[in-house]
């Protein structure tokens, strides 16, 4: 075995045998599912019922207010306003709706008050505005001699049918699935880079603090050690990702068969058959169909490539930083500039890519090597031309080679330096030794 | 012919090695010749340049200029397996098991897994530490870990052993054990470079020494030759006499006197006498006329004396 292979093997085994790796790999998917279930459970819980006191001097509107799960209305039109206001202050009721008596519907529309201690829920206010507004409008129709029933009858509702060029039926919210898939992959890649980059850094620091470093580099070149460490750790990352992908895919298969979606039907069958199939599908089935329609193979392969490229790029920085410092606390000042482009990538992904996946900003940042792994992964579910992926990958791996060359120079000097917290200037000086 | 003869008998030759870090010169045209089979003491105060030199020999760093020959061959990557190096700043992976770790480090030195296992068994039996194979380093005491460190250093049977402060961290029993192992390896033909501040171990073990100070080599040679060079022609004398004043009068006329102390059963007068240009016999003649001589020994400079004298000058 060559020395590099020996180092890769050791680093890989050291990571994989670690208890936290095993726990992370098998527990975190469970944790994700658990959190999902928990959030779902929370949203189904009935909220506490809040009572709104209504003082309706006209007597026309209270009967229009319908109790909901969250809000109940109580008629207090006979009690004077001042007492009601006091009871609001003493928090007996959530809020007080005051509808004064006005001759003119237009002046009434402007003089309705809602009084509460806390700023009110936006939804309840717009509900009230809608209900009362509709009623006032109808009154005005009537007073102007318009037939309200006729108007109701003539009102037409438009629902645009969303279809794909391929002719499949689609429903609103499918873009949403692409967004989630893109977001998840982009976020995952950032998480992997930070997580595994940190592992590289910690492992470099460990070799420094345990003082084994000089023993090792009397046998191998520092560059070999650094590369072996980076590669070995990345293999552990890839293994973890493969396990997750396998778990995810099998979960998808199981869920799909539960909902009765034909897996793989889309690619193989004729357009007509697909159209026939999709006509009979429920929305849930359509969602699943759409998930299977995502370029899953492209996503997985490009995840690997961008993870390797992005991770190699960033972990060379991490390795250089690990070599430069004596302990993890000292690494903070150097880590910030590394984390920043990653955060930038995620922000651009969530704010720009989702609105305009093929716009200039999204395209440019999916080319710049420091952000491309995240931004491009978020774009891929929306369909990215191959040439863009190729250019961005070439740029990424080209930059990686430059950065490794630079980082290895700092690493080489840093691993033998003890007891000194270097400045940026010194790091630059080291690179020239 | 003679050059060739010498050439073949040096395990290591360092020729005019220069190493600078920015503006700082760590080694200034340093040349050393380390004979095959010797135990060679590399001495010098902290920051003299010893570690820089040792790192260059181990190919951890490259010299700016100069040449190094190992066993007559220009130093190259194949030589890594001919050198065993125990750095001053040393350690092992704390969470790795002893056996696995030793195998890994031996394989990095170029040993096959099979050979490494065989050698490891030999050493574990020899040091009676067979039970440690599956223990993690963090479960061992510091002294136990140091033993493992020594095994790792010598496992691949290097021709040249470079030990930087080898006894630091060892208790006296283990230090002695390791010292005996080093001497045994030396007897079997391993050359040893020994960098230390503990002068008594240099005195005890080394046959050659070199002293580096402020990036320059100041002294090099056989220990006995160096000592001869640094002898001051001073003798320690013990004498029983009734007439101390007369004796002192005679002595101060010819020699320089100073006080000294040595172990003795008699209650004699103890003196250190610098002979200047006179011979020992002249001193003896003066002494025997005044009393009974109980002690007469040339004062040999210790390595410690030489070290301090050279460095403070």
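The values are calculated or read from the model by the stated rules, or taken from the named source; none is laboratory data. What you see is a predicted model; the values in this text were computed from it and never measured. Virtual Cβ from ideal backbone geometry, glycine too; neighbours counted across all protein chains shown.
Tallying residues that are away from every other protein chain (no Cβ under 14 Å), assigned to a loop (DSSP other than H, G, I, E, B) and more than 23 Å from residue B:83 (Cβ to Cβ) within the stretch B:22-52 yields 1.
Residues in the stretch B:83-115 that are within 16 Å of residue B:147 (Cα to Cα), part of a loop (DSSP other than H, G, I, E, B) and within 7 Å of another protein chain (Cβ to nearest Cβ): B:87, B:89, B:90, B:91, B:92, B:93, B:94. Reported count of residues in the stretch B:140-177, each being at pLDDT below 90 and away from chain A (no Cβ under 14 Å), is 13. On the stretch given as the stretch B:184-204, residues that are in contact with a helix residue (DSSP H, G or I) (Cβ under 7 Å, 6 or more places away or on another chain) and modelled with pLDDT of 90 or more total 4. Within the stretch A:16-38, being within 14 Å of chain B (Cβ to nearest Cβ) and over 19 Å from residue A:246 (Cβ atoms) holds for A:17, A:18, A:19, A:20. Here the stretch A:203-214 is the region considered, the condition is being surrounded by 24 or more Cβ atoms within 10 Å (Cβ to Cβ) and within 7 Å of chain B (Cβ to nearest Cβ), and the residue that is farthest from the chain's Cα centre (by Cα) is A:214.
Matching residues to (1) loosely packed, with under 14 Cβ neighbours inside 10 Å; (2) in contact with a helix residue (DSSP H, G or I) (Cβ under 9 Å, 6 or more places away or on another chain):
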| site | (1), (2) |
| --- | --- |
| B:211 | no, yes |
| B:228 | yes, no |
| B:244 | yes, no |
| B:259 | yes, no |
| B:270 | no, no |
| B:288 | yes, no |
| B:301 | no, yes |
| B:306 | no, yes |
| B:310 | no, no |
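Do we have residue A:422 as modelled with pLDDT under 85 and part of a helix (DSSP H, G or I) here? Here the answer is no, as residue A:422 does not meet what is asked.
Residue-by-condition table, conditions (1) under 30 Å from residue A:370 (Cα atoms); (2) within 14 Å of chain B (Cβ to nearest Cβ); (3) modelled with pLDDT of 90 or more:
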site: A:221; (1), (2), (3): yes, yes, no
site: A:236; (1), (2), (3): yes, no, yes
site: A:240; (1), (2), (3): yes, no, no
site: A:246; (1), (2), (3): yes, no, no
site: A:278; (1), (2), (3): no, no, no
site: A:288; (1), (2), (3): no, no, no
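Here the condition is being surrounded by 14 or more Cβ atoms within 10 Å (Cβ to Cβ) and either assigned to a helix (DSSP H, G or I) or in the same structural domain as residue A:185 (by TED's automatic domain parsing) (or both); of A:416, A:402, it holds for A:416 alone.
When you scan the stretch A:119-131, do you find a residue that is modelled with pLDDT of 85 or more, touching a helix residue (DSSP H, G or I) at 6+ places or on another chain (Cβ under 7 Å) and not assigned by TED's automatic domain parsing to the domain that holds residue A:315, even just one? Checked the stretch A:119-131: at least one residue is modelled with pLDDT of 85 or more, touching a helix residue (DSSP H, G or I) at 6+ places or on another chain (Cβ under 7 Å) and not assigned by TED's automatic domain parsing to the domain that holds residue A:315. Can you name the residue in the stretch B:56-82 that is without any contact (Cβ under 8 Å) to a residue 24 or more places away in the chain and surrounded by 15 or more Cβ atoms within 10 Å (Cβ to Cβ) and, of all such residues, is nearest to the other protein chains (Cβ to nearest Cβ)? Across the stretch B:56-82, the extreme among qualifying residues is B:60.
Residues satisfying the criterion are present in the stretch B:14-22 (criterion: at positive phi and surrounded by fewer than 22 Cβ atoms within 10 Å (Cβ to Cβ)).
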